[in-house]
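The values are calculated or read from the model by the stated rules, or taken from the named source; none is laboratory data. Everything numeric here is computed off the predicted structure, so don't read it as measured data. Cβ placement follows ideal geometry from the backbone for every residue including glycine, while neighbour counts extend to all protein chains displayed. All accessible areas refer to the heavy atoms of the entire protein, side chains included, with ligands and DNA or RNA removed. Shrake-Rupley method; radii C 1.70, N 1.55, O 1.52, S 1.80 Å.
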Amino acid sequence: MPVNLEGSLSLLALAAPKHGGDLAYWQRKVGNEALNWLDLSSACNREPWPIPEIPASLWMALPDQTDLLDEAERYFGRRPNAIGAGSQHIIESLPPLLREGAGLTPQIVFVPRVGYQEHAFAWRKWGYEIVYYDALEELLTQHWAVAVVIQPNNPTGELASASTLSQLIAHAEQQGASLVVDEAFIDATPELSVLKFQASDLSESLFVMRSVGKFFGLAGARVGFVFCASKWQAALKNLLGPWPVATPSLHLVCLAFADKAWQAQALQHIGVRQAAFVERIMPKLNTIFDSQDSVCNALFTTWFLESQAYAEQVFTMLHQVGIHTRLGDGWIRVALPALHEMDALNSALIRLLKTAGGQTQGYSRGELA
């Protein structure tokens, strides 16, 4: 295929999407007052897997993935085809992997209108045509080269049923297309993973990504996994490179996957934290956001507000009482706090409600406890 260097450079120069987990940016922008903000902008587990001491020798050894692949096979129930530097590394690698045979006609990629925007950005950088969908069922009536499903969706929390996913895989196979399923948030509900109802040999149309950044709270380790048909394995590994993940990260994630006691405790504790959040925090945020249009996930809650202008206003108001959230296009996502953070968050919201127009917006003294 002829290479249009000028066009390729233009696509690579597109403005990148914004992310949560950007507290350091705000600390640089705002200064010292942001140093003690409660950071609920990233939907990673606020009670992460505890990091043990790392042997110094790991920093001197080139990465070998074998031990982690073995442990990951036990954790996931099947062996990953490749390991990358987080899901993001794999997201970046799929467009060139699937570009072969595309010719000069742009191929159509369907992505969720609201969701992790790096998906659309990665395909757009490689010249694919992006089409946004609002409901998964739309995909069953459309022709596409690639469709991306985020399971569960971040920030909407939407989950696809096993039946819908099976239909989408079959639809992809009929078209000779690819279905990409991003399961970065599935570990809190592992029984819902598409991997649970797939045969031992995955369809050549299916790519499934998993991550340790969310449930385990190890976003900084930069470790992600991809499951696909063996047909793609060699090419994908070549795209990811020989040492995509550092030796200490491989070691830590191997230990985390083996820690079944922590995993069981974390699942139980997430339920306890959710109950406390719903009872103590959510009613106050409903009032502050002037919205009960929200969706709860195991690790975050997202509110959909009346306008982008109002979302920006409330985002700034929360900063005034030291709470940093994730601002989207007309929505605000709040990570599930750690249990020890609930009191501080509750007190900050009470201060905000009391100072908003000099009134408590309908709350009684008992409700503000």
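The table for this structure:
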{"read-out": "Some residue of the stretch 340-358 being part of a strand (DSSP E or B) and out of contact with any His (no Cβ under 7 Å at 6 or more places or on another chain)", "value": "no"}
{"read-out": "Number of the condition not met by Ala24 [criteria: (1) at pLDDT below 75; (2) among the aliphatic types (A, V, I, L, M); (3) under 20 Å from the mean Cα position of the chain (by Cα)]", "value": "(1)"}
{"read-out": "Contacts under 6 angstrom Cβ, first residue in the stretch 18-40 being closer than 22 Å to Met342 by Cβ, partner aromatic (Phe, Trp, Tyr) and part of a helix (DSSP H, G or I), 6 or more apart", "value": "Ala34/Trp26"}
{"read-out": "Filtered residues of the stretch 29-82 (kept if assigned to a loop (DSSP other than H, G, I, E, B) and under 17 Å from Phe215 (Cα atoms))", "value": "Leu40, Ser41, Ser42, Ala43, Cys44, Asn45, Arg46, Glu47, Pro48, Trp49, Pro50, Ile51"}
{"read-out": "Residue in the stretch 323-339 that is nearest to the chain's Cα centre (by Cα), counting only those that are surrounded by fewer than 19 Cβ atoms within 10 Å (Cβ to Cβ) and either in a loop (DSSP other than H, G, I, E, B) or among the hydroxyl-bearing types (Ser, Thr, Tyr) (or both)", "value": "Asp329"}
{"read-out": "Pairs, first part of a loop (DSSP other than H, G, I, E, B) in the stretch 105-130, second surrounded by fewer than 19 Cβ atoms within 10 Å (Cβ to Cβ) and among the hydrophobic types (A, V, I, L, M, F, W, C), C-beta under 7 Å, six or more apart", "value": "Gly127/Leu11"}
{"read-out": "Any hit, the stretch 167-180, residues being within 23 Å of Gln88 (Cβ to Cβ) and among the charged types (D, E, K, R)", "value": "no"}
{"read-out": "3 or more residues open to solvent by 40 Å² or more (accessible area, probe 1.4 Å) and either free of Cβ contacts under 8 Å to residues at least 12 places away in the same chain or closer than 30 Å to Ser57 by Cβ (or both): qualifying helices (runs of 4 or more DSSP H) within the stretch 191-300", "value": "233-240, 247-258, 260-276"}
{"read-out": "Test: residue in the stretch 145-165 that is part of a helix (DSSP H, G or I), open to solvent by 20 Å² or more (accessible area, probe 1.4 Å), touching a Leu at 6+ places or on another chain (Cβ under 8 Å) and in contact (Cβ under 8 Å) with a residue 40 or more places away in the chain", "value": "no"}
{"read-out": "All positions within the stretch 47-96 that are open to solvent by 30 Å² or more (accessible area, probe 1.4 Å), within 19 Å of the chain's Cα centre (by Cα) and farther than 30 Å from Ile130 by Cα", "value": "Glu47, Pro48"}
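Table: residues versus (1) among the β-branched types (Val, Ile, Thr); (2) under 30 Å from Glu173 (Cβ atoms).
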position: Gly217; (1), (2): no, no
position: Arg222; (1), (2): no, no
position: Lys231; (1), (2): no, yes
position: Ala235; (1), (2): no, yes
position: Val245; (1), (2): yes, no
position: Ser249; (1), (2): no, no
position: Gln263; (1), (2): no, no
position: Val272; (1), (2): yes, no
position: Ala275; (1), (2): no, no
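Yes/no per residue for (1) under 15 Å from the mean Cα position of the chain (by Cα); (2) surrounded by fewer than 17 Cβ atoms within 10 Å (Cβ to Cβ); (3) farther than 22 Å from Trp303 by Cα; (4) among the aromatic types (Phe, Trp, Tyr):
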| position | (1), (2), (3), (4) |
| --- | --- |
| Val114 | yes, no, no, no |
| Ala135 | no, yes, no, no |
| Thr141 | no, yes, yes, no |
| Glu173 | no, yes, yes, no |
| Glu183 | yes, no, no, no |
| Asp187 | yes, no, yes, no |
